[in-house]
Structure formats: structure tokens, C-alpha cells
Amino acid sequence: MGPTTFNGLPIHPLLVHFVAVLVPISALLLLLSVCWPAARRRIGVFSPVVALITLVLVPLTTHAGEWLEHRTAPDPLVRIHAELGDQLIYWSAGVFLVALGWWAIHHPRFQAWRAARGGSTSRTTSRVVATGLSVVAVVLAVGSTVQVYRIGESGAAAVWSDTTAADSPAAQ
């Protein structure tokens with residue numbers, strides 16, 4: 001599906017850093033767009049673009065991680081990390097879709113198109129849709145950021161559990 005090594009080294013640790021940075025940035029851009037109209041105008045299409053880049057990187061990262069997992073000794077901590085990592089695609093897809101939807105409904109072309117059609121939706125309906133989308137955006141932004149933390153914590157536990165146990169003062 002994608003690259004698994006770079007210069008003979010597994011690429012998963014490199015991709016993880018991109019995802020660990022881009023998921024919270026995507027979440028923050030979405031929240032700013034939803035909660036702050038002045039920021040929405042400045043952010044513009046940047047929010048769905050960053051969310052799309054994140055959405056593309058997540059499966060590349062999980063694929064490289066699965067490739068690495070199959071080349072290491074079986075470890076329950078790695079299995080937990082992989083299972084958590086597999087769930088991030090859903091959070092990232094949700095953030096992307098809401099960011100794209102929010103940008104689209106606030107884009108001048110959409111507003112002009114709606115006005116040309118006679119503005120068929122009522123103001124109340126528009127507020128209900130915007131409020132519902134706002135709630136979904138907050139849930140997805142918080143959930144995706146928490147999920148990245150959980151994945152990172154489980155990955156660190158999997159990588160460093162043997163090293164830190166051997167280096168502890170009790171082991172020496």
C-alpha cells in the first residue's frame with residue numbers, strides 16, 4: 001500500500017510523528033473554524049486540506065506499523081497499540097468530512113447558490129444544522145486528539161517497557 005522502509009529503516013516511527021502532530025492541528029483548525037467566525041474566514045480551505053493530508057497519512061502509518069509488527073516478536077503491548085492505531089482512521093475521516101462540510105456551507109459560492117435557489121431552507125433549519133455540525137465537530141476534535149494520545153502512550157509502552165524495566169534502580 002505504501003512505503004515501509006526508508007534507507008533500510010522502518011518508516012513507521014517517522015510517519016507516526018507526522019500523524020501525532022497533524023491530528024491535533026486538524027482538530028484545532030476545525031474547532032477554530034466552528035467556534036470563531038473571524039478565524040473561519042482566515043483559515044478558509046486550510047482546515048479541510050490539513051485534515052485530508054492527515055487522513056491520507058493515517059492508513060500509510062498503520063500499514064507501515066503492521067508491516068513492522070509482523071517483523072518483530074509477538075508482544076501484547078504492540079497488539080494493543082496496533083488495535084488503537086487501526087481506530088484512528090475513523091476519527092480522521094470524521095474530522096475531514098466535518099471540516100469539509102463546514103467549509104463548504106460557509107463558502108461564498110455555496111451561499112450564492114443557495115440564494116439563487118431561493119434560500120429554500122429556513123433560518124431555524126440552518127441553525128439546527130449548524131449547531132448539530134458544531135457538536136459533532138467538538139466531539140470529533142476531542143475524540144481524535146484523545147485517540148492519538150492513547151495510541152502514542154501505548155506505542156511508547158510497547159517500545160520502552162523492556163528498556164525501562166532493565167534500567168530501573170531496582171534491576172541494578
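Computed with a 1.4 Å probe over protein heavy atoms only, the accessible area of Val78 comes to about 40 Å².
Ranked by solvent-accessible area (1.4 Å probe, protein heavy atoms only, all chains present), the residues Ile80, Ile151 order from largest to smallest as Ile80, Ile151. Summing Cβ point charges (Lys, Arg +1; Asp, Glu -1) relative to the Cα centre of the stretch 1-98 gives a dipole of roughly 520 debye. Taking 0.36 nm per residue of sequence separation and removing the Cα-Cα distance, the Arg127/Phe46 pair yields an extension gain of 26.8 nm. For Phe6, the solvent-accessible surface with a 1.4 Å probe is about 130 Å², rounded to the nearest 10. Hey, for a label at His106 modelled as a point 7 Å past Cα toward Cβ, could you say which residues of the stretch 7-48 have their backbone N under 13 Å away? From the stretch 7-48, the list is 28-48. Trp160 contributes an accessible area of around 140 Å² to the protein surface, as traced by a 1.4 Å probe with all chains present.
The values are calculated or read from the model by the stated rules, or taken from the named source; none is laboratory data. This structure is a prediction, so every number in the text was calculated from the model and none was measured. Heads up, the Cβs are rebuilt from the backbone with ideal geometry, glycines too, and the neighbour counts pull from every protein chain shown. Surface areas here come from the heavy atoms of the whole protein model, side chains and all, with no ligands, DNA or RNA. Shrake-Rupley method; radii C 1.70, N 1.55, O 1.52, S 1.80 Å.
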